[in-house]
Each structure stands twice: as structure tokens, then as C-alpha cells.
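The values are calculated or read from the model by the stated rules, or taken from the named source; none is laboratory data. Source: prediction; values computed, not measured. For neighbour counting, all protein chains shown are included, and Cβ atoms are generated from backbone atoms with ideal geometry for every residue, glycine included.
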Amino acid sequence: MKPLRMLLTLVPVLALMACSGRVAQKPTSIAQAPTASSSGYVIEPGDSLDVRFFYNPELNEEVMVRPDGNISLPLVGEMQAAGRSPTQLEGMLKNSYSRELRQAAITVMVKGFAGQRVYVDGEVGEPQMVNIAGNLSAMQAVASAGGFMESARKGEVLVIRRSGTPQPVVIPLDLNAAISGTDTSQDILLQPYDIVYVPKTAIAEVNQFIDQYFRQNIPIPFGVGYGINN
């Protein structure tokens, strides 16, 4: 299922390649690229949460956020955790437990992180998921995936970033400039769930890739999961 999800996420990017000699028709500049939310960390499926009750320690739980984004707790049952910050989840839990407890003093701590990874695909040695440990730049992610192949278009690498809407943001990077040192700002820091896609030099080959993997092998419309940024 992981390769399928990756292919579905890359659909809008590859469709953009097919429509133009440039990789992205309406790219987002580095300066305009969305950055991490100022509200802090957002809980993801697979995260481990430590839920602590100040006045009712017998209710303390360490729970895993399920793939559907929910957690299950005593007295209140199912709660949506994914997509919220720990502070937001605390507020929801306090509101729910206030009907059951006299004093609902609750804290939520993220004990284990599951979503700290990016995806690297295209003309690299070993397309794969790369874990983020601290800061990770686009060049470091490519190096972790085996480096550029000879057919790679280093001057127009794409970073596809979730922007809080169904449509991802496409950020073209000139990593040739970063490699030569003429513009090191092109080597941006990545965020969890970014996709770094390194295209081939020849657009015709990309069209062939689209035809082989999407029109023939995957019986779904191009718009599934993400909108096309056009």
C-alpha cells in the first residue's frame, strides 16, 4: 500500500510535468512556501501520547493514535487526536471529562513521533522514506536516498508540501545553484510529509511514466486524494 500512496500523492506533480516544458506551471517561490504552524506540533497517526490526570492518576493512559486519527480513553471513549496540537487535545479532553470528574486537570505529552519523515522519489539512487532527525535539507534528503542519478534534472527539483488544503504546494528548487554555492538558499529545510521529487531531463520520458503507472496500472481518476495545482 505504501508505493500506491506515494504514487497517488505524486499524481498532480506528474500531471503538471506533462502539461508544460517546465516542471511546474504555477510554482510557489521559496519565500512564499508555507512553514511549520506557529501553534506548534500537530499530532499525527502513529504518535504515542501520554495522557495524565492530575487529580485522578488512576485514569492515566499512554495511547497510540490509530490510523483513523482517533484514540480511546476511559469514560469518554473515542476522541479525534490527529490534526490537533497537544494543547487543543487537552482542551477537548477537559471539556469531555468535566462531565465525569469534579476536577478535570489533564495534560497531554507526545512521547513518540511517527510522522517525522519525508519521501524522496524520481531520479535518485534509492527512492525511499527518509526520517527527519533534527533539521533535514533537500540536498541531505536526496543524499540519503542514494544521490542524484545522471538523468536527474538537478536545476528544477520539486518539493511537494501539504498546505492545510486538498491541494499541495509545489516548490521548485535549483539544487544546481546550491551545489555550486551560487545560491545556497535553494537547499531549503524540509517539513514532515514533504515529498522531494527529482524529475528526468526529458519530458517525454515523464509522459511515458504517467501513461504506464497511472493510465494503465491504476484504475482511478487523477484527482484522487489531491487536487491538481493549476
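Points to keep in mind about this one:
- Residue selected from segment 85-108 under the condition of a type in the set (A, V, I, L, M, F, W, C) and in contact with a helix residue (DSSP H, G or I) (Cβ under 7 Å, 6 or more places away or on another chain), by the criterion surrounded by the fewest Cβ atoms within 10 Å (Cβ to Cβ): Ala104
- The residue of segment 119-138 that is farthest from Glu156 (Cα to Cα), among those that are touching a Phe, Trp or Tyr at 6+ places or on another chain (Cβ under 7 Å) and assigned to a strand (DSSP E or B), is Met129.
- From the list Thr107, Thr182, Thr87, the lone residue that is assigned to a loop (DSSP other than H, G, I, E, B), out of contact with any Phe, Trp or Tyr (no Cβ under 6 Å at 6 or more places or on another chain) and of a type in the set (Val, Ile, Thr) is Thr182.
- Condition broken by Val65, with the remaining ones in (1) within 24 Å of the chain's Cα centre (by Cα); (2) among the β-branched types (Val, Ile, Thr); (3) modelled with pLDDT of 95 or more satisfied: (3)
- Taking the criterion of being in contact with a helix residue (DSSP H, G or I) (Cβ under 7 Å, 6 or more places away or on another chain) and outside any loop (DSSP other than H, G, I, E, B), the only residue of segment 69-84 that qualifies is Met79.
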